[in-house]
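**Student:** My questions all concern the structure below.
The values are calculated or read from the model by the stated rules, or taken from the named source; none is laboratory data. This is a predicted model, so every value here is computed, not measured. Neighbour counts run over all protein chains shown; Cβ positions are idealised from the backbone, glycine included.
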Amino acid sequence: MSTSPSVRAGANDFHAAIEEAHVVALWEMFGGAGGLQPAPEPAFHWPWRVLGPLMDRAIAEVGMEQAERRVLSLANPAYGRDDYFRATTNLNAGLQILMPGERARPHRHSMDALRFVVEGEGAATIVDGKRCDMVRGDLILTPAWTWHEHEHTGTRRVIWLDSLDVPLVMDMDASFFEPGPAKNVPKLPADAAFTAPGLVPAEQITTAYSPLFRYPWRQAREALAASPAAEDGSRLLRYVNPATGGAVLSRLDCYLLGLSGGQPTRPYRSTSNAVCFVVEGTGRSTIGERTIEWSENDLFTLPHWSWITHTAESANATIFQSTDRDVMRRLDLLREERK
(Lines give C-alpha, C1' and ligand atoms only; values in the text may rest on other atoms or scores of the structure.)
Protein backbone atom coordinates (compact mmCIF):
# COMPACT_ATOMS: atom_id res chain seq x y z
CA MET A 1 0.00 0.00 0.00
CA SER A 2 1.44 3.39 -1.02
CA THR A 3 0.94 6.64 0.82
CA SER A 4 0.98 10.15 -0.65
CA PRO A 5 2.50 13.12 1.17
CA SER A 6 -0.02 15.69 2.19
CA VAL A 7 0.58 19.41 1.76
CA ARG A 8 -0.66 21.31 4.77
CA ALA A 9 -1.03 25.03 5.30
CA GLY A 10 2.39 25.96 6.71
CA ALA A 11 5.43 26.68 4.53
CA ASN A 12 7.58 24.31 6.55
CA ASP A 13 4.98 21.59 6.15
CA PHE A 14 4.98 22.25 2.38
CA HIS A 15 8.75 21.86 2.11
CA ALA A 16 8.65 18.71 4.18
CA ALA A 17 5.96 17.33 1.92
CA ILE A 18 7.77 18.04 -1.35
CA GLU A 19 10.98 16.58 0.06
CA GLU A 20 9.08 13.43 1.00
CA ALA A 21 7.67 13.28 -2.54
CA HIS A 22 11.18 13.68 -4.09
CA VAL A 23 10.33 16.87 -5.96
CA VAL A 24 11.73 20.39 -5.69
CA ALA A 25 10.29 23.88 -6.11
CA LEU A 26 11.94 24.99 -9.36
CA TRP A 27 11.25 28.67 -8.66
CA GLU A 28 13.51 28.41 -5.61
CA MET A 29 16.37 26.75 -7.50
CA PHE A 30 17.28 29.34 -10.12
CA GLY A 31 15.90 32.64 -8.88
CA GLY A 32 14.46 33.50 -12.29
CA ALA A 33 15.80 33.06 -15.80
CA GLY A 34 19.12 34.70 -14.91
CA GLY A 35 20.04 31.61 -12.91
CA LEU A 36 20.25 29.61 -16.13
CA GLN A 37 23.23 31.56 -17.49
CA PRO A 38 26.51 29.60 -17.77
CA ALA A 39 28.74 29.82 -14.71
CA PRO A 40 32.19 28.58 -15.79
CA GLU A 41 35.01 27.75 -13.45
CA PRO A 42 37.98 30.15 -13.46
CA ALA A 43 40.74 29.48 -15.98
CA PHE A 44 43.60 27.40 -14.58
CA HIS A 45 47.32 27.40 -15.41
CA TRP A 46 49.85 24.55 -15.16
CA PRO A 47 53.33 26.12 -15.78
CA TRP A 48 56.08 23.93 -17.19
CA ARG A 49 58.52 25.18 -14.53
CA VAL A 50 56.37 23.20 -12.08
CA LEU A 51 55.44 20.25 -14.33
CA GLY A 52 58.92 19.69 -15.79
CA PRO A 53 60.56 18.64 -12.50
CA LEU A 54 57.56 16.40 -11.77
CA MET A 55 58.20 14.63 -15.09
CA ASP A 56 61.75 13.90 -13.90
CA ARG A 57 60.48 12.51 -10.61
CA ALA A 58 57.81 10.38 -12.30
CA ILE A 59 60.51 8.75 -14.44
CA ALA A 60 62.71 8.11 -11.39
CA GLU A 61 59.95 6.76 -9.17
CA VAL A 62 57.50 4.91 -11.45
CA GLY A 63 58.36 2.11 -13.89
CA MET A 64 56.10 0.81 -16.64
CA GLU A 65 55.61 -2.39 -14.67
CA GLN A 66 53.74 -0.25 -12.12
CA ALA A 67 51.57 1.68 -14.57
CA GLU A 68 49.34 1.00 -17.56
CA ARG A 69 50.38 4.45 -18.77
CA ARG A 70 52.81 6.78 -16.94
CA VAL A 71 50.63 9.91 -16.98
CA LEU A 72 50.34 12.97 -14.77
CA SER A 73 46.71 14.04 -15.19
CA LEU A 74 45.75 17.70 -14.89
CA ALA A 75 43.38 17.94 -11.91
CA ASN A 76 41.62 21.31 -11.98
CA PRO A 77 41.02 22.37 -8.34
CA ALA A 78 37.69 23.89 -9.33
CA TYR A 79 36.33 20.34 -9.54
CA GLY A 80 38.03 18.94 -6.46
CA ARG A 81 41.18 16.89 -6.09
CA ASP A 82 39.42 13.58 -6.77
CA ASP A 83 38.09 14.63 -10.18
CA TYR A 84 41.40 14.03 -11.96
CA PHE A 85 39.56 13.42 -15.24
CA ARG A 86 38.46 17.03 -15.64
CA ALA A 87 40.80 19.81 -16.72
CA THR A 88 37.76 21.82 -17.79
CA THR A 89 34.16 21.06 -18.75
CA ASN A 90 34.03 18.03 -21.11
CA LEU A 91 37.84 17.76 -21.45
CA ASN A 92 40.67 16.15 -19.56
CA ALA A 93 44.39 16.28 -20.22
CA GLY A 94 47.65 14.87 -18.94
CA LEU A 95 51.33 14.49 -19.71
CA GLN A 96 52.57 11.03 -20.62
CA ILE A 97 56.21 9.87 -20.57
CA LEU A 98 57.87 7.00 -22.39
CA MET A 99 61.54 6.13 -21.93
CA PRO A 100 63.81 4.35 -24.43
CA GLY A 101 63.02 0.65 -24.61
CA GLU A 102 59.62 1.03 -22.96
CA ARG A 103 56.30 -0.01 -24.43
CA ALA A 104 52.71 0.78 -23.42
CA ARG A 105 50.52 -2.21 -24.26
CA PRO A 106 47.53 -1.94 -26.63
CA HIS A 107 44.03 -1.09 -25.52
CA ARG A 108 40.98 0.76 -26.78
CA HIS A 109 38.08 2.69 -25.28
CA SER A 110 34.95 4.66 -26.07
CA MET A 111 36.68 8.00 -25.50
CA ASP A 112 38.29 10.03 -28.28
CA ALA A 113 41.94 10.84 -27.57
CA LEU A 114 44.80 12.77 -29.12
CA ARG A 115 48.52 13.12 -28.49
CA PHE A 116 50.50 16.33 -29.04
CA VAL A 117 54.23 15.71 -28.73
CA VAL A 118 56.00 17.96 -26.19
CA GLU A 119 59.59 16.73 -26.48
CA GLY A 120 61.81 13.97 -27.83
CA GLU A 121 61.75 11.60 -30.78
CA GLY A 122 62.18 7.90 -31.47
CA ALA A 123 58.80 6.83 -30.08
CA ALA A 124 55.72 5.86 -32.06
CA THR A 125 52.01 5.40 -31.46
CA ILE A 126 50.50 2.48 -33.36
CA VAL A 127 46.83 3.13 -34.18
CA ASP A 128 44.82 0.27 -35.71
CA GLY A 129 48.05 -1.09 -37.12
CA LYS A 130 49.34 2.22 -38.54
CA ARG A 131 52.67 3.39 -37.13
CA CYS A 132 52.74 7.11 -36.29
CA ASP A 133 56.22 8.41 -35.47
CA MET A 134 56.25 11.01 -32.72
CA VAL A 135 58.28 14.24 -33.14
CA ARG A 136 57.83 17.45 -31.15
CA GLY A 137 54.75 19.34 -32.34
CA ASP A 138 53.19 16.35 -34.08
CA LEU A 139 49.50 15.66 -33.51
CA ILE A 140 48.57 11.97 -33.29
CA LEU A 141 44.93 10.84 -33.24
CA THR A 142 43.62 7.79 -31.41
CA PRO A 143 39.89 7.87 -32.20
CA ALA A 144 37.32 6.11 -30.03
CA TRP A 145 37.48 2.32 -30.34
CA THR A 146 40.74 2.27 -32.28
CA TRP A 147 43.43 0.01 -30.89
CA HIS A 148 46.47 2.00 -29.83
CA GLU A 149 49.81 1.32 -28.18
CA HIS A 150 53.09 3.19 -27.73
CA GLU A 151 56.66 2.00 -28.21
CA HIS A 152 60.03 3.71 -27.88
CA THR A 153 63.05 2.58 -29.90
CA GLY A 154 64.97 5.87 -29.60
CA THR A 155 67.59 7.13 -27.20
CA ARG A 156 65.94 9.86 -25.12
CA ARG A 157 62.66 10.32 -23.32
CA VAL A 158 59.50 11.34 -25.14
CA ILE A 159 56.74 13.37 -23.48
CA TRP A 160 53.39 14.16 -25.00
CA LEU A 161 50.15 15.84 -24.08
CA ASP A 162 47.13 13.55 -23.86
CA SER A 163 43.74 15.18 -24.36
CA LEU A 164 40.49 13.23 -24.20
CA ASP A 165 36.75 13.73 -23.86
CA VAL A 166 36.59 11.54 -20.74
CA PRO A 167 34.39 13.94 -18.69
CA LEU A 168 31.79 14.17 -21.45
CA VAL A 169 31.68 10.41 -22.00
CA MET A 170 31.53 9.71 -18.25
CA ASP A 171 28.76 12.27 -17.77
CA MET A 172 26.84 10.34 -20.45
CA ASP A 173 27.64 7.10 -18.57
CA ALA A 174 29.05 5.64 -21.79
CA SER A 175 32.67 4.88 -20.86
CA PHE A 176 33.96 1.46 -21.95
CA PHE A 177 37.48 0.03 -21.97
CA GLU A 178 38.95 -3.08 -23.59
CA PRO A 179 42.52 -4.33 -23.11
CA GLY A 180 44.52 -5.80 -25.95
CA PRO A 181 45.82 -7.65 -27.80
CA ALA A 182 44.42 -5.86 -30.83
CA LYS A 183 41.98 -7.80 -32.97
CA ASN A 184 39.65 -7.20 -35.92
CA VAL A 185 41.82 -4.27 -37.03
CA PRO A 186 40.24 -2.57 -40.08
CA LYS A 187 42.16 -2.11 -43.29
CA LEU A 188 42.93 1.58 -43.71
CA PRO A 189 44.64 3.65 -46.41
CA ALA A 190 48.16 4.77 -45.51
CA ASP A 191 48.47 8.28 -44.07
CA ALA A 192 50.54 9.19 -47.13
CA ALA A 193 47.36 8.91 -49.22
CA PHE A 194 46.03 12.08 -47.54
CA THR A 195 49.09 14.32 -47.42
CA ALA A 196 48.80 16.01 -50.85
CA PRO A 197 46.67 19.19 -50.52
CA GLY A 198 43.30 18.90 -52.22
CA LEU A 199 43.69 15.20 -53.04
CA VAL A 200 42.11 12.21 -51.27
CA PRO A 201 41.52 8.59 -52.32
CA ALA A 202 38.37 8.12 -54.39
CA GLU A 203 37.25 5.19 -52.24
CA GLN A 204 34.55 6.07 -49.74
CA ILE A 205 35.75 6.81 -46.21
CA THR A 206 33.07 5.77 -43.73
CA THR A 207 34.74 6.46 -40.38
CA ALA A 208 33.40 9.25 -38.15
CA TYR A 209 36.99 10.35 -37.59
CA SER A 210 39.91 11.40 -39.76
CA PRO A 211 41.59 8.54 -41.68
CA LEU A 212 44.82 10.55 -41.28
CA PHE A 213 46.22 9.74 -37.84
CA ARG A 214 49.45 11.79 -37.87
CA TYR A 215 49.64 15.56 -38.53
CA PRO A 216 53.38 16.46 -38.64
CA TRP A 217 54.46 19.70 -36.99
CA ARG A 218 56.50 20.84 -39.98
CA GLN A 219 53.44 20.84 -42.23
CA ALA A 220 51.19 22.42 -39.59
CA ARG A 221 53.66 25.22 -38.91
CA GLU A 222 54.05 25.99 -42.63
CA ALA A 223 50.28 26.01 -43.09
CA LEU A 224 49.83 28.35 -40.11
CA ALA A 225 52.40 30.79 -41.50
CA ALA A 226 50.59 30.77 -44.86
CA SER A 227 47.16 31.37 -43.30
CA PRO A 228 45.69 34.87 -43.67
CA ALA A 229 46.03 37.07 -40.61
CA ALA A 230 43.00 38.59 -38.91
CA GLU A 231 42.83 42.34 -38.22
CA ASP A 232 44.45 41.75 -34.83
CA GLY A 233 47.37 39.93 -36.47
CA SER A 234 46.41 36.47 -35.22
CA ARG A 235 46.24 33.37 -37.40
CA LEU A 236 43.98 30.42 -36.65
CA LEU A 237 44.48 27.03 -38.29
CA ARG A 238 42.10 24.10 -37.90
CA TYR A 239 43.18 20.47 -38.10
CA VAL A 240 40.58 18.76 -40.30
CA ASN A 241 39.46 15.37 -41.48
CA PRO A 242 40.72 15.36 -45.11
CA ALA A 243 37.78 13.23 -46.23
CA THR A 244 35.10 15.61 -44.92
CA GLY A 245 36.71 18.96 -44.06
CA GLY A 246 35.24 18.66 -40.57
CA ALA A 247 36.72 18.07 -37.13
CA VAL A 248 39.44 15.42 -36.87
CA LEU A 249 37.54 13.44 -34.23
CA SER A 250 33.90 12.96 -33.41
CA ARG A 251 34.14 14.80 -30.09
CA LEU A 252 37.50 16.62 -30.19
CA ASP A 253 38.29 19.59 -32.42
CA CYS A 254 41.85 20.97 -32.76
CA TYR A 255 43.34 24.36 -33.66
CA LEU A 256 46.68 26.15 -33.87
CA LEU A 257 46.66 29.80 -32.86
CA GLY A 258 49.48 32.02 -34.08
CA LEU A 259 50.00 35.40 -32.39
CA SER A 260 51.91 38.50 -33.46
CA GLY A 261 54.07 40.10 -30.79
CA GLY A 262 52.50 42.82 -28.67
CA GLN A 263 49.09 42.92 -30.31
CA PRO A 264 46.11 41.64 -28.26
CA THR A 265 43.53 39.52 -30.02
CA ARG A 266 39.96 40.69 -30.34
CA PRO A 267 38.02 39.58 -27.21
CA TYR A 268 35.62 36.67 -27.73
CA ARG A 269 33.65 34.15 -25.76
CA SER A 270 32.16 30.79 -26.64
CA THR A 271 30.07 28.04 -25.10
CA SER A 272 32.90 25.66 -26.02
CA ASN A 273 35.87 24.80 -23.79
CA ALA A 274 39.55 24.36 -24.59
CA VAL A 275 42.81 23.05 -23.17
CA CYS A 276 45.78 25.08 -24.45
CA PHE A 277 49.42 24.03 -24.85
CA VAL A 278 52.05 26.68 -25.59
CA VAL A 279 54.15 25.26 -28.43
CA GLU A 280 56.47 28.26 -28.64
CA GLY A 281 56.79 31.84 -27.43
CA THR A 282 55.72 33.81 -24.38
CA GLY A 283 52.70 35.95 -23.65
CA ARG A 284 49.60 36.39 -21.57
CA SER A 285 45.92 35.57 -21.81
CA THR A 286 43.09 37.32 -20.01
CA ILE A 287 40.30 34.81 -19.43
CA GLY A 288 37.34 36.17 -17.55
CA GLU A 289 38.76 37.92 -14.48
CA ARG A 290 42.10 36.09 -14.55
CA THR A 291 45.27 36.95 -16.49
CA ILE A 292 47.73 34.12 -17.11
CA GLU A 293 51.39 34.73 -17.97
CA TRP A 294 52.50 31.79 -20.09
CA SER A 295 55.66 30.47 -21.76
CA GLU A 296 56.76 27.44 -23.77
CA ASN A 297 55.23 24.08 -22.71
CA ASP A 298 52.76 25.69 -20.28
CA LEU A 299 49.17 24.43 -20.18
CA PHE A 300 46.04 26.41 -19.36
CA THR A 301 42.28 26.23 -19.85
CA LEU A 302 39.73 28.35 -21.67
CA PRO A 303 36.45 27.72 -19.82
CA HIS A 304 33.20 28.31 -21.69
CA TRP A 305 31.50 31.72 -21.74
CA SER A 306 34.53 33.61 -20.44
CA TRP A 307 35.73 36.69 -22.31
CA ILE A 308 39.15 35.78 -23.74
CA THR A 309 42.01 37.76 -25.28
CA HIS A 310 45.60 36.67 -25.98
CA THR A 311 48.76 38.77 -26.35
CA ALA A 312 52.18 37.48 -27.42
CA GLU A 313 55.14 39.08 -25.68
CA SER A 314 57.73 37.39 -27.90
CA ALA A 315 57.94 38.16 -31.62
CA ASN A 316 55.63 35.23 -32.34
CA ALA A 317 53.85 32.63 -30.28
CA THR A 318 51.94 29.47 -31.15
CA ILE A 319 49.28 27.76 -29.03
CA PHE A 320 47.74 24.34 -29.68
CA GLN A 321 44.10 24.05 -28.62
CA SER A 322 42.07 20.90 -27.99
CA THR A 323 38.36 21.80 -27.81
CA ASP A 324 34.81 20.47 -27.64
CA ARG A 325 33.66 23.12 -30.11
CA ASP A 326 32.34 20.75 -32.77
CA VAL A 327 30.36 18.76 -30.21
CA MET A 328 28.65 21.96 -29.09
CA ARG A 329 27.98 22.90 -32.72
CA ARG A 330 26.41 19.55 -33.58
CA LEU A 331 24.24 19.72 -30.45
CA ASP A 332 23.10 23.21 -31.52
CA LEU A 333 24.59 24.57 -28.30
CA LEU A 334 27.46 26.55 -29.80
CA ARG A 335 27.14 30.27 -29.19
CA GLU A 336 29.99 32.67 -29.85
CA GLU A 337 30.37 36.44 -29.46
CA ARG A 338 33.11 38.95 -30.26
CA LYS A 339 33.61 42.48 -29.00
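**Student:** Testing Ala315 on (1) surrounded by fewer than 20 Cβ atoms within 10 Å (Cβ to Cβ); (2) within 25 Å of Arg251 (Cβ to Cβ); (3) aliphatic (A, V, I, L, M), one condition comes back false. Which one is that?
**Tutor:** (2)
**Student:** For Pro211, are the conditions met, namely being more than 24 Å from Asn92 (Cα to Cα) and surrounded by 15 or more Cβ atoms within 10 Å (Cβ to Cβ)? Step through it out loud before you land on a result.
**Tutor:** Working: more than 24 Å from Asn92 (Cα to Cα): no; surrounded by 15 or more Cβ atoms within 10 Å (Cβ to Cβ): yes.
No: the conditions fail for Pro211.
**Student:** Do you know which residues across the range 185-211 are in contact with a Phe, Trp or Tyr (Cβ under 9 Å, 6 or more places away or on another chain) and either in a helix (DSSP H, G or I) or without any contact (Cβ under 8 Å) to a residue 60 or more places away in the chain (or both)? Steps first, answer last, please.
**Tutor:** From the range 185-211, those in contact with a Phe, Trp or Tyr (Cβ under 9 Å, 6 or more places away or on another chain) are 185, 188, 191, 200-201, 210-211; that's our starting set.
Answer for the range 185-211, where residues must be in contact with a Phe, Trp or Tyr (Cβ under 9 Å, 6 or more places away or on another chain) and either in a helix (DSSP H, G or I) or without any contact (Cβ under 8 Å) to a residue 60 or more places away in the chain (or both): Val185, Asp191, Val200, Pro201, Pro211.
**Student:** Same structure again: Here are Thr286, Thr301, Thr291: which of them is among the hydroxyl-bearing types (Ser, Thr, Tyr), under 18 Å from Leu168 (Cα atoms) and part of a strand (DSSP E or B)? Let's see the steps before the verdict.
**Tutor:** Working: Thr286 fails: under 18 Å from Leu168 (Cα atoms); Thr291 fails: under 18 Å from Leu168 (Cα atoms).
Unique residue meeting the criteria: Thr301.
**Student:** Within the range 259-284, which residues are in contact (Cβ under 8 Å) with a residue 60 or more places away in the chain and more than 18 Å from the chain's Cα centre (by Cα)?
**Tutor:** If the condition is that a residue be in contact (Cβ under 8 Å) with a residue 60 or more places away in the chain and more than 18 Å from the chain's Cα centre (by Cα), then Leu259, Arg266, Pro267, Tyr268 are the ones that fit.
**Student:** Out of the residues in the range 168-184 meeting the condition of being in a loop (DSSP other than H, G, I, E, B) and among the aliphatic types (A, V, I, L, M), tell me which one is surrounded by the most Cβ atoms within 10 Å (Cβ to Cβ).
**Tutor:** Residues of the range 168-184 that are in a loop (DSSP other than H, G, I, E, B), as a first pass: 172-176, 180-184.
Filter once more, keeping what is among the aliphatic types (A, V, I, L, M): 172, 174, 182.
Numbers: Met172: 10, Ala174: 11, Ala182: 18.
Applying the filter and picking the extreme gives Ala182.
**Student:** Starting from residues that are under 20 Å from Gly258 (Cβ atoms) and not aromatic (Phe, Trp, Tyr), keep the ones in the range 318-339 and report whichever is surrounded by the fewest Cβ atoms within 10 Å (Cβ to Cβ). Break it down into steps so the answer makes sense when it comes.
**Tutor:** Our first condition is that a residue be under 20 Å from Gly258 (Cβ atoms); within the range 318-339, this holds for 318-323, 325, 336, 338.
Narrowing the set further to residues that are not aromatic (Phe, Trp, Tyr) leaves 318-319, 321-323, 325, 336, 338.
Details: Thr318: 23, Ile319: 25, Gln321: 20, Ser322: 29, Thr323: 24, Arg325: 23, Glu336: 13, Arg338: 10.
Here the answer is Arg338.
Each row is one residue, and each column tells you yes or no for (1) surrounded by fewer than 22 Cβ atoms within 10 Å (Cβ to Cβ); (2) polar (S, T, N, Q); (3) within 19 Å of Thr323 (Cα to Cα).
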{"position": "Ala60", "(1), (2), (3)": "yes, no, no"}
{"position": "Glu65", "(1), (2), (3)": "yes, no, no"}
{"position": "Glu68", "(1), (2), (3)": "yes, no, no"}
{"position": "Leu74", "(1), (2), (3)": "no, no, yes"}
{"position": "Tyr79", "(1), (2), (3)": "yes, no, yes"}
{"position": "Ala87", "(1), (2), (3)": "no, no, yes"}
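**Student:** Can you name the residue in the range 185-224 that is of a type in the set (A, V, I, L, M) and within 23 Å of the chain's Cα centre (by Cα) and is also farthest from Glu280 (Cα to Cα) among such residues?
**Tutor:** If we filter the range 185-224 for residues that are of a type in the set (A, V, I, L, M), which is where we start, we get 185, 188, 190, 192-193, 196, 199-200, 202, 205, 208, 212, 220, 223-224.
Next, from what is left, pick out any that are within 23 Å of the chain's Cα centre (by Cα): 208, 212, 220, 223-224.
Numbers: Ala208: 31, Leu212: 25, Ala220: 13, Ala223: 16, Leu224: 13 Å.
Checked the range 185-224; the qualifying residue farthest from Glu280 (Cα to Cα) is Ala208.
**Student:** Please count how many residues of the range 115-133 are buried (at least 21 other Cβ atoms within 10 Å of the Cβ), more than 17 Å from Ser210 (Cβ to Cβ) and over 18 Å from the mean Cα position of the chain (by Cα).
**Tutor:** 3
**Student:** Is the range 239-250 home to any residue that is in contact with a His (Cβ under 8 Å, 6 or more places away or on another chain) and within 30 Å of Ser295 (Cα to Cα)? Spell out the reasoning first.
**Tutor:** Restricting attention to the range 239-250, the residues satisfying the condition of being in contact with a His (Cβ under 8 Å, 6 or more places away or on another chain) are none.
Among the residues of the range 239-250, not one is in contact with a His (Cβ under 8 Å, 6 or more places away or on another chain) and within 30 Å of Ser295 (Cα to Cα), which makes the answer no.
**Student:** For the range 76-103, how many residues are in contact with an Asp or Glu (Cβ under 7 Å, 6 or more places away or on another chain), at pLDDT 95 or above and under 26 Å from Gly120 (Cβ atoms)?
**Tutor:** Final tally of qualifying residues: 4.
**Student:** Just for strands (runs of 3 or more DSSP E) wholly inside the range 69-167: which have at least 1 residues that are under 25 Å from Asn273 (Cα atoms) and not acidic (Asp, Glu)?
**Tutor:** Numbers: elements: 71-73, 92-98, 103-109, 113-119, 123-127, 130-134, 139-142, 148-152, 158-164.
It comes to 71-73, 92-98, 103-109, 113-119, 139-142, 158-164.
**Student:** Applying the selection to the range 263-291, what residues are more than 14 Å from Glu41 (Cβ to Cβ) and surrounded by fewer than 19 Cβ atoms within 10 Å (Cβ to Cβ)?
**Tutor:** Matches in the range 263-291: Gln263, Pro264, Arg266, Pro267, Tyr268, Glu280, Thr282, Arg284, Thr286, Thr291.
**Student:** Out of the residues in the range 213-229 that are among the small types (Gly, Ala, Ser) and touching a residue at least 12 places away in the same chain (Cβ under 8 Å), state the one that is farthest from Glu149 (Cα to Cα). Can you show your working first?
**Tutor:** Looking only at the range 213-229, we keep the residues that are among the small types (Gly, Ala, Ser), and these are 220, 223, 225-227, 229.
Checking which are touching a residue at least 12 places away in the same chain (Cβ under 8 Å) leaves us with 220, 223, 225, 227, 229.
Working: Ala220: 24, Ala223: 29, Ala225: 32, Ser227: 34, Ala229: 38 Å.
Restricting to residues being among the small types (Gly, Ala, Ser) and touching a residue at least 12 places away in the same chain (Cβ under 8 Å), the top hit is Ala229.
**Student:** Do we have any residue at all in the range 217-226 that's crowded, with 17+ Cβ neighbours inside 10 Å, in a loop (DSSP other than H, G, I, E, B) and modelled with pLDDT of 95 or more?
**Tutor:** no
**Student:** Can you pull out the residues in the range 315-339 that are among the small types (Gly, Ala, Ser) and modelled with pLDDT under 95? Show your work before the answer.
**Tutor:** Keep residues of the range 315-339 that are among the small types (Gly, Ala, Ser), which gives 315, 317, 322.
Correct list: Ala315 only.
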